[in-house]
Every structure is written in structure tokens, then in C-alpha cells.
Amino acid sequence: MWWFYSGSYSCCKQLLLYYLTLLGSSYVISTYGPHQRAQMTGDILLGGLFPLHFGIASKDQDLAARPESTQCVRFNFRGFRWLQAMIFAIEEINNSSTLLPNITLGYRIFDTCNTVSKALEATLSFVAQNKIDSLNLDEFCNCTDHIPSTIAVVGAAGSAVSTAVANLLGLFYIPQISYASSSRLLSNKNQYKSFMRTIPTDEYQATAMADIIEYFQWNWVIAVASDDEYGRPGIEKFEKEMEERDICIHLNELISQYFEDHEIKALADRIENSTAKVIVVFASGPDVEPLIKEMVRRNITDRIWLASEAWAISSLVAKPEYLDVMAGTIGFALKAGRIPGFREFLRHVQPKKDSHNEFVREFWEETFNCYLEDSPRFQESENGSTSFRPLCSGEEDIASVETPYLDYKHLRISYNVYVAVYSIAQALQDILTCTPGRGLFANNSCADIKKMEAWQVLKQLRHLNYTNSMGEKMRFDENSDMEANYTIINWHRSTEDGSVVFEEVGYYNMHAKRGAKLFIDRTKILWNGYSTEVPFSNCSEDCEPGTRKGIIDSMPTCCFECTECSDGEYSNHKDASVCAKCPNNSWSNGNHTFCFLKEVEFLSWTEPFGIALAICAVLGVVLTAFVIGVFVRFRNTPIVKATNRELSYVLLFSLICCFSSSLIFIGEPQDWTCRLRQPAFGVSFVLCISCILVKTNRVLLVFEAKIPTSLHRKWWGLNLQFLLVFLCTFVQVMICVVWLYNAPPSSYQNHDIDEIIFITCNEGSVMALGFLIGYTCILAAICFFFAFKSRKLPENFTEAKFITFSMLIFFIVWISFIPAYFSTYGKFVSAVEVIAILASSFGMLACIFFNKVYIILFKPSRNTIEEVRCSTAAHAFKVAAKATLKHSTTSRKKSGSLGGSSASTPSSSISVKTNGNDYDTASGKHRPRVSFGSGTVTLSLSFEESRRTKTCPQNVLHVSKQKCTLFLVLTFLFSVHLFPVGGVPKLMAPRLKVEFSDSPMEFHK
């Protein structure tokens, strides 16, 4: 029995397949009657899908009875022209002697009604016929009207329709070439294997839209997209492009031609209430039409529409009655092409001549608003089911009626259809002319055009590369997309008849370099139909130059407040996102609109302040040089000798260096001046103070020494003095050397001040500068100590009070210098230091030398050896008197405590007696005797009045003339004993006790 079941199974299988094939064929034929297709037989058959209607009639299916096929409504004249472009291309190829000779192309074209369901119904006929051929059922179907397989399909128009069709055709690798589907999703070859197109992808169109918005400086727009595979991916890409450009989308809405009225009105309300004036629409004509109608009804005329290529030239919305609202629309259109002879082909269409194209009948009836005699709709109108129309003969002049069908000035989609057909024909030509061994198939074989299958045509199309009759290169890229560019159009109102004119105002070259892709001729654009001024569509008013956009909390980034640029920043254009920072050598003007060069400042030789400081420094040098000249001129006078003239010369030289060092601080700082000025100042001052310190300390030691010995004279000789000065100065030199080696100062530009560049010196190490000044101050403090201690010594030697004053001035100046130095900036830092140098230098020069110069020049009577010795003796007598008084007081206290006993205390004394025991017989005069300790020196003194009397200093002693003469003699004696060389004291004066035989000497302070 197994054979029975096996034979029965095989027979049933064949019968089932035969039944399904007949069912499929009968279903297609019954649904699409002869009046619903354009069909012509041929050796090779091409399929076509065109939107000859804008949609289908909405009808509720309650399934109470068998569902009926939906009816297509609203005839699409442009869609019919596209269909005619396919037929024209096929006829042109069939009439060609070079392209596919001896091969006739046929076609089967269906109406998609711009819906997925109708498109899939038509696609099933292509797939079913190919499946019948693959089953090889000729034994069951010996029909004479056998239709060959469809080897390629041209269509469809909408991206949503093409997506559904591509899914079905891809299963059988039937090539599909769309002429108007631009969705970027269709570039996915993993999902849509056989899909190809002659229109650029929306990937570029979304970028082009964003570029236009950026070009016109809009940042606040409304985005509307159709709720399908065309609008959603397109607007998604558009949103990403807008984010990259910091442009905000206020409203993002979806739309469909099947929206209810209340949904359309709600959308229109949101658009009307929005402050955005630019509306970007990524949709087809049928989808956007309901919204535009509502906007026209409300007469909302202050909006600018940015149209995608799917509706930019759509006849549904490009109507004169809509121009009050839609005039000024900026749209993208495909590059127009030229089809020779197509115009005449369109004009010669007639129902009676085009029997193979049943769509001509409906086209004729819609064009002339009539019914043909044999039209089924004429019978329906008689029954009252449709509106009444008059009869037409089918021979009317089609040029007498204006319809989008004859709008062949700019052939865009029609040209894409024309290119698609020719691309298929060229692929067939390559198969026909293929040389064995150079083919694209296994083992470089070629396909047989008589037994060719759809997948072989798809393979050949992917490698297509040819030049058409217009001289254009035609090829599909790796995504099976054909390269193309966009034309930018602007909707104008015709001055002749008020119709819509698509004025070309620019282009977008998607393959050009960035920045050169978009070109727009602004002079050709009319906004809202009449204005040449670019509309404003920003969330906030433009920020003027000198300001920037400031963020507002809880608002999009496109909504901002204008904030003035900070000092040192600028913006030279409107609506700046950030203020640019001025270069280091520049500063912003008052309005912050540009930067100007900063003024370069330093302590200049030409400015009044610098000139004044320089004059003071030069004056100091001149005065010091004058003092040196005076001292050299009067170098042998007692006052010059008494001041230790060798050290005085060094001291005056150091003062010249101090004054001169201040000049290095003036002028534009250079690296070498920065490295020279502080060491020059520090070494000069240390040399100066070292000289004062050695002089003061030496005199103090001399006057306080008990016994003058040769050892003192040896160690306080001139060489030792210079050695001490050198050692003190050498320490400062080493500080400077270490400083310059480790952290050398250098000039730099200080930009801390807003509008000024201060060229100053970077000291390198503040610590090193502190050591330099600190060491100088330490020496000054020691000098001040010795000067204060020797303030009661004879003024001819140490000028103790004046040195004390000079050191006080020095301390006041440099203590004040420290806070002033760190609190000032720029050129004033150098000025403060110059002032400190000059003030302290003038203080020392004036206090130490001006009084001596005054005596030398204006009081020569005081510049004598007697004056100097008298002053010295006076000092010695005062010291001796104090010591004697102190000794007497101490003795009395001791006598009182011991009950009147007395004891002699040895002391160094000088006794001068003038009694008769010392009478000189030879001269007949008294000879006074002067005793030094245990020794006695006898002098011959004359008490005779001299005609030229010597006056003693009144502020020291008051004595008689005779006693004064004796006083001068004693002074001479002390001078011989104390000043053997050069008039500079070598030892301190001993404590003295002076007695006269005739009367005691009185001491008065």
C-alpha cells in the first residue's frame, strides 16, 4: 500500500501547486482588472509601481460580509506622468538599434495608491509569476498567453511603500530600483538585499536642512515628520544634525494623512502658539496637506516652511490658493534632467490610442472632469452612486487644460524613472554582450539572456557603470544609491496668473568639501512672498557684539540672556556663544567689541617721574664728586686728616656707586640690567656702610684705650682698615654671585594689570634679595650701635651724632621700603627702590660730609690744628674731670665708712705746678712741671700776653688767658703724645687730673 500513498502524495502535491498557482493568478487578475494596469508583453518583462492615486477611501470593515477591496481616491497627475516616463523609456529602448537589439522589453505597471497594502497586492503578482516559472509547471499550464517572469521592478515612490515591497522582493532577489524613496533605512543592504534607487538618501537631505537653518542663523524651529519609514528616520537624522549645531527644536510632531480633524487642529494650535517661526517638514504631499489646509483656514502667514523633496513641488500643496500662507517656502528638489521627445509623448496621449494603458482612461476623465462612454463610473453616476459628469469623446485637446501632468519644465522624478529604466536596460546589454571568461558569475561565466533570472540582473546592476546619452556617469555606490545633488527652490507667486513658481535659488552638493556644499543666492529669495529681509526665528533676541549668550535655568540652550563680556574678552559678531579672550598683549575696549594693544609701561627715561629720579641721581653723583674735589683740594687740612681721608675717599667713591646704581633701575628692563642692578646696589651700600663702620669703631676704640701701645697702632693701621672693608664687602659679593648663579633675575612682561603691560624684573629669588638687603641692614645696625656709643667723642673725628642720624635715616628708609616694595606693582617697584637708594645715599652724604665741607669752605678758621687739638683736649679734660669727681666721691664714701681714715689711691695724674721751686734762673721765669704718672716733664711756658690771643672753645672750658695759654700747651703735649702721625688718634686719652699751683682750674660744661 506504500506505493499507493506515495503516488497519491506526489499527485496531490502537483495538483496543490497547480491549484495555488491558478488561485494566485486568478486572484490577481480579479483584483486588478484590465482597467487597473498598464501592460505590454515582451521578451523581457519589467514591473512598475506608481502612486496613481494619493490614497484609499477609508471604510470600516465590520466583517459581516466578505471584505471588499478598498477603493483608491484622488488621482495623482504627477504619478501618471512618472508612469508615462517608464513607458516612454521602454518604447525608446525597443526602437533603439544599439541597445538590446532584437530584444523587446515589456512591462506590467500597477497603482500603489500610495499605500502599503495596494503595493503588496501588486508585488504579489511579480513574485507569483516568478515562482511559477521556478516550479517548471509547463505540463500543467499549456497556455498560449503565458507571461514571462518579471526580472526587475521600477518603484515604488514612497519610502514606506518601498520598504514593504523591498522586504518581499528581497526574498526572491528581484532587483527593485526606486525613483523617489529616499529613506536612509533602505541603505541597509543586510535587510534590503535587492533594493536600489536613483534618488539620494535622506542622510544628506537632513544635513542639508540643518545647514540651511544654520546659514540663516535660526536656532528655534518646529519639526514635523510623517509617521512612516520616510519621516521618522529623516527627522531623527535632522535632530542629530541640529544638536551638533546647538540649534533647538521647540516642537517635534508626527503627522499623517489619516489623522482625524481634531488631531490636525490640536497640532495647528501648538504651531500657532509657538514662538518658532520656521517649520521643517519631513513628509510627503498627502501627509502634509491636511495641516496646510488648517493653517490656510486660520490664515497663519508669519511662518517659514522648509520642505523636504517629497512635498517641495507637490501639486497637492503647491496651489495658488495656498500661497498666502505658503509663499516663501524653501524646499529641496532633485536635480532636473532632460528627456528629449518626452514632451511630445505626453501631449499625444489618448484613451483610444493607448489601449495597453488602462490608466489613461481615468486620467482623461479626471483631466476634463467627464466620463467616457464605456467607463464603469459613468454607469455608477447614472445609478446615483457617484457625482454627475458630462460625457467626453476622448479626442479633446489635452493642452487646453492646465494640470501637473504637463508641467515638464523641471523633470525630476520623471527623470529618475527614465534613468532607472535605462539602468536596467544597460545591465541587460552587459549580459547580452558579455564575453565568456569575463563574466561576473561563477568561473567568470556569463548569464544567458534567454534563460536569465532576476538575481543575475541584480548582480549585473551592482556592477553597473556607464555613460548615458546626456554624457552623465551612471553608477550605484556600495549602498546601491546613485549619487545626485539637490536644487534649492523658493516658492514665488507668478505675476502673470498667480500660480506657484519654483524659483531656483541655490544648490547643495553633497560631495563637495565641508563649507562649500551649500550655495544660496539671497537676492532671489522672497520671504512670505514679498520680503527680502530674513525672518527672525530665535528663542531670544540676538546678542549684540560685546556680549555673549548666557544660560537661563530650565530653558533650552537656544534660549539665553545677553551677558556683557568680561574685561579682557571680546565678541565682534552678533549672537556670540562665548567671548574670545584677548591676546596677552591686548585688552578689550569699553564695549568689548575688539581688542587694542596694551600700553607698555616701565620706568622710562622720558617720563617726568623717571627724569626726576635721574636728575636726583645725577645730582647725587655731582655733589659727591664735588665733596671728593673739596677733600682732595684740602687734603692736608686738619679736618680732612681727622676724618681718615683714605677711608673717606673710599666712602665717597661708594656713594658715587650708590647714586649711579639707581640709574640702572631706570629704562626698559633687559636681562643684563636686571642681573646688574641689585648686585650693584647691594655691593655699593655695603662698601659705604663698611667704611663708616670701620671709621667709627676705630675712633671709639682709640678714645677708650687705657694705655697707648704700639700694638694698637699696628692692628689699627691703614692696611687693616682696608682689609676689614674688603671682608665686609666680599660677603655681599658672594651673596650676589650665589644669587646670579642659582636664580638669575630676568626681565618679564607683567600682564596682571588690565590695560597695561609692565616690563619689570623678575628677581629670580626673593630670598636672595632678602639676604642682600638683610646683610646690608645688619651692617647698618652695627654701625648705628657704634655711632651711638661714640656720640660724645670729638666731632672732628667721628661725627657720631651725624652718623647716628644717617643710620636712622637709612633704617627708616629701608624699613619703609619693605612694605612699599611688596605692595606696589609695575614700574613703581623700581621707582620705590630708586627712591630708597637715593634717600639713604643723600642722607649719608649730607650727614657725614656736608658739615665738613661747610667748615672747609665757609669756616676756615675752624679748620686749624689748634681747633682740632683744643677740641680733643676739651674732650679729654671732661673725661678726666668726670673720673676725678667719681673717684673723689668714692673716697669720701669710704672715709666716712672707716671713721675718718684716709688712704691714697694711686692714679694716673698730671700735676702742673708754678711755685718757686720751679723757678728758672737763666730766664728768670717760672718753669712749670708736668708729671705723667711717676715721670715728670718740665716745660718752659711764658705767661706773657700775646698780641694774638688764642680763644678756647667757650662751650668746653672757661679759663683765663694765662690758663688758656697753658691749656693750649697741654693740648699740644697731648697731641704730640696721642697724635704722632697724621692727626688720627692712635690711643685713647688717659684719665687726667689737672691742678694749678696758683689756683684750681674750673670746669664748666
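The values are calculated or read from the model by the stated rules, or taken from the named source; none is laboratory data. From a predicted model like this one, the values you see are computed outputs, not experimental measurements. Because the Cβ atoms are built from the backbone with ideal geometry, glycine has one as well, and the counts that use them run over all protein chains shown. Ligands, DNA and RNA are excluded from the accessible area calculation, which covers all protein heavy atoms including side chains. Shrake-Rupley method; radii C 1.70, N 1.55, O 1.52, S 1.80 Å.
Please list the non-local residues whose amide H lies under 5 Å from the amide H of C392, H modeled 1.01 Å from N, same-chain partners needing a gap of 5 or more.
Amide H neighbours of C392: Y371, L372, E373.
Take the Cα pairs of region 171-262, get the Kirkwood Rh, then feed it into Stokes-Einstein at 4 °C and 1.567 mPa s and tell me D in µm²/s.
On the way: Rh = 14.7 Å.
In µm²/s, the coefficient is 88.
Enumerate the amide H contacts of N762 below 5 Å, restricted to partners 5 or more residues apart or on another chain; note that Pro and chain-start residues carry no placed amide H.
Here the answer is S746, S747, Y748, since their amide H atoms fall under 5 Å of that of N762.
Taking the full set of protein chains and a 1.4 angstrom probe, give the accessible area of D553 in square angstrom, rounded to the nearest 10.
130 Å²
To the nearest 20 Debye, how big is the dipole of region 179-306 about its Cα centre, given +1 on the beta carbon of each Lys and Arg and -1 on that of each Asp and Glu? Don't skip to the answer; put the middle values down first.
Numbers: 15 positive and 23 negative charges, 66 e Å.
Once rounded to the nearest 20, the dipole reads 320 debye.
Karplus couplings for region 829-843 from phi (6.51 cos²θ - 1.76 cosθ + 1.60, θ = phi - 60°), rounded to Hz, Gly and Pro as x?
5, 5, 5, 4, 5, 4, 4, 5, 5, 5, 4, 5, 5, 5, x
Estimate the FRET efficiency between K789 and M734 by the formula 1/(1 + (r/R0)^6), using the beta-carbon distance for r and 35 Å for R0, to the nearest 0.05. Provide the component values of the computation, followed by the final result.
Working: r = 29 Å, r/R0 = 0.83.
Calculated value: 0.75.
Give, in nm to one decimal, the length gained when the segment between W605 and H348 is fully stretched (0.36 nm per residue of separation minus the Cα-Cα distance). List each step's numbers first, then the result.
Details: separation 257, 0.36 × 257 = 92.52 nm, distance 9.78 nm.
So the extension gain works out to 82.7 nm.
How many nm is it between the label spots at H511 and R338, if each spot is 7 Å from the Cα in line with the beta carbon?
Result: 2.1 nm between the two label points.
Students often get this wrong: which residues of region 186-218 have the backbone nitrogen under 15 Å from the point 7 angstrom along Cα-to-C-beta of S274?
210, 213, 218
Would you pull out the residues with amide H under 5 Å of C565's amide H, same chain only if 5 or more places away, H placed 1.01 Å from N?
The answer is T547, R548.
May I ask which of K574/K598; K293/K352; K277/K319; K240/K517; K193/K517; K237/K513 have a Cα-Cα span longer than 29 Å here?
Values: K574/K598 25 Å; K293/K352 38 Å; K277/K319 22 Å; K240/K517 19 Å; K193/K517 31 Å; K237/K513 20 Å.
Violating the 29 Å limit, Cα to Cα: K293/K352; K193/K517.
Out of the total accessible area of region 547-593 (probe 1.4 Å, heavy atoms of protein only), what percent is carbon and sulfur?
On the way: 1310 of 2780 Å².
About 47 percent, which is the carbon plus sulfur part of the accessible surface.
Kindly write out, for region 514-525 in residue order, the coupling ³J(HN,Hα) from the Karplus curve 6.51 cos²θ - 1.76 cosθ + 1.60 (θ = phi - 60°), rounded to whole Hz, with x marking Gly and Pro.
4, x, 10, 6, 9, 9, 9, 9, 4, 5, 8, 7
Tell me, Kirkwood radius of region 547-593 from alpha-carbon pair distances, in Å?
Details: mean 1/r = 0.0899 Å⁻¹.
After inverting the mean inverse Cα-Cα distance, the result is 11.1 Å.
Once phi is turned into θ = phi - 60°, what whole-Hz ³J(HN,Hα) does the Karplus curve with 6.51, -1.76 and 1.60 give for every residue of region 396-413, x standing for Gly and Pro?
Each residue's phi maps through the Karplus curve to give 5, 7, 5, 6, 7, 10, 8, 9, x, 4, 9, 7, 9, 5, 10, 8, 10, 5 Hz.
Rank by packing, highest mean first: peptides 344-352, 807-815, with packing defined as the count of other Cβ atoms within 10 Å averaged across residues. Can you show the working numbers first?
Numbers: 344-352: 14.8, 807-815: 18.4.
With the highest mean Cβ count within 10 Å placed first, the list reads 807-815, 344-352.
Cross-link partners among aspartates and glutamates for K859, C-alpha distance below 13 Å, same-chain residues fewer than 8 apart left out?
Candidates past the 8-residue exclusion: E867.
Under a plain spin-label model, where a point goes 7 Å from the Cα along Cα-to-Cβ, how far apart in nm are N851 and I812?
1.7 nm
Roughly speaking, what is the centre-to-centre gap between region 266-331 and region 627-648 when only Cα atoms are used, to the nearest Å?
108 Å
Using 0.36 nm per residue, how much length does the chain from N589 to F722 gain when fully extended, once their Cα-Cα distance is taken away?
The N589-F722 span can extend by a further 41.8 nm.
Among Y570, G550, N585, which residue has its Cα positioned farthest towards the positive end of the charge dipole of region 547-593, with +1 placed on the Cβ of Lys and Arg, -1 on the Cβ of Asp and Glu, and the dipole taken about the Cα centre?
N585
Pull up the cross-link candidates among the aspartates and glutamates for K695, meaning alpha carbon to alpha carbon under 16 Å and not fewer than 8 places away within one chain.
Excluding near neighbours in sequence, the set is E646, E704, E795, E799.
For the pair R245/T70, report the inter-label distance in nm, with labels modelled 7 Å from Cα in the Cβ direction.
3.6 nm
Could you order K240, K549 by accessible surface area, starting with the largest, using a probe radius of 1.4 Å?
I get K240, K549, largest accessible area first.
Rounding to the nearest 20 debye, state how big the charge dipole of region 547-593 is about its Cα centre with +1 on each Lys and Arg Cβ and -1 on each Asp and Glu Cβ. Intermediate values should be presented prior to the final figure.
On the way: 4 positive and 6 negative charges, 34 e Å.
In debye, rounded to 20, region 547-593 gives about 160.
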